[in-house]
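Quick notes on the structure that follows.
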Amino acid sequence: MRRSILTVALCVGLVGCQTPYQEEGSSAVVGGVRAEQVGYDRYRVSALVNQNTPSSRVGDYLLLKAAQTAQSNGSRYFVREGDIQDSSQVATYSTPGMVNPNGFGGYTVTPASTSSAYQPGATVYIRLVKGSARPDGAIDSQEVLDTIGRRLLPKK
């Protein structure tokens with residue numbers, strides 16, 4: 001019984017370490033999505049996740065953010081412009097050294113340390129399509145929200 005509880009706790013803990021679908025900088029969890037306007041109907045959409053999140057999730061995050069961007073700007077469709085660019089990075093984290101009393105009249109010294117972690121990421125440029133006609137190669141934002149959004153967005 002104890003082993004089962006420990007296994008479940010470990011699984012929940014690992015899933016909890018994945019970068020959730022969120023705006024970049026919206027929490028202490030590393031990563032997230034963002035869309036930046038770079039032209040009248042053009043946006044740069046980026047996604048960055050932590051090393052505990054499957055790399056395949058980056059593509060889902062890009063599509064979902066592109067769909068949300070299209071919808072929030074009154075467009076049903078969007079077109080990808082150019083190739084998806086790898087924007088993965090290696091993040092470096094430093095912790096300072098510490099000296100703490102150990103309760104026996106001495107001290108415990110923890111040296112400073114630096115570690116790094118790989119963060120999968122990608123960037124894509126999109127152009128929003130105005131009007132109700134779906135041009136060749138355009139992606140339907142509502143379809144993305146209905147499929148990928150159903151899996152990744154919190155239930156209402």
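The values are calculated or read from the model by the stated rules, or taken from the named source; none is laboratory data. What you are looking at is a predicted structure, and each value in this text was computed from that prediction instead of being measured. Every residue, glycine among them, receives a Cβ derived from its backbone with ideal geometry; neighbour counts consider all protein chains shown. SASA here: full protein model, heavy atoms, side chains in, ligands and nucleic acids out. Shrake-Rupley method; radii C 1.70, N 1.55, O 1.52, S 1.80 Å.
Spin-label model, Gln85 to Arg134: label points 7 Å out along the Cα-to-beta-carbon direction sit 2.9 nm apart. State whether the chain is rounded, prolate or oblate according to the following rule on the C-alpha gyration tensor (a ≥ b ≥ c being the square roots of its eigenvalues): a/c under 1.5 gives rounded; otherwise a/b larger than b/c gives prolate, and the remaining case gives oblate. Since a/c reaches 1.5 and a/b is larger than b/c, the shape of the chain is classed as prolate. Measuring nothing but protein heavy atoms, the accessible surface of the chain at 1.4 Å probe radius is 55 percent carbon and sulfur. Only Cα pairs under 8 Å and 6+ residues apart enter the sum, and on that basis the relative contact order of the chain stands at 26 percent.
Computed from the C-beta positions of Ala117 and Ser55 and an R0 of 22 Å, the FRET efficiency is 0.95 to the nearest 0.05. Charging the Cβ of each Asp and Glu at -1 and of each Lys and Arg at +1, and nothing else, the dipole of the chain about its Cα centre rounds to 480 debye.
For the range 110-120, putting each phi into the Karplus relation 6.51 cos²θ - 1.76 cosθ + 1.60 with θ = phi - 60° gives couplings of 10, x, 5, 9, 10, 9, 9, 9, 6, 10, x Hz, in residue order, rounded to whole numbers and with x for Gly and Pro.
Couplings for the range 33-38, taken from phi via the Karplus curve 6.51 cos²θ - 1.76 cosθ + 1.60 with θ = phi - 60°, read 10, 7, 10, 10, 6, 10 Hz in order; Gly and Pro are left as x.
Rolling a 1.4 angstrom probe over the protein heavy atoms with all chains in place gives the range 74-156 an accessible area of 69 Å² per residue.
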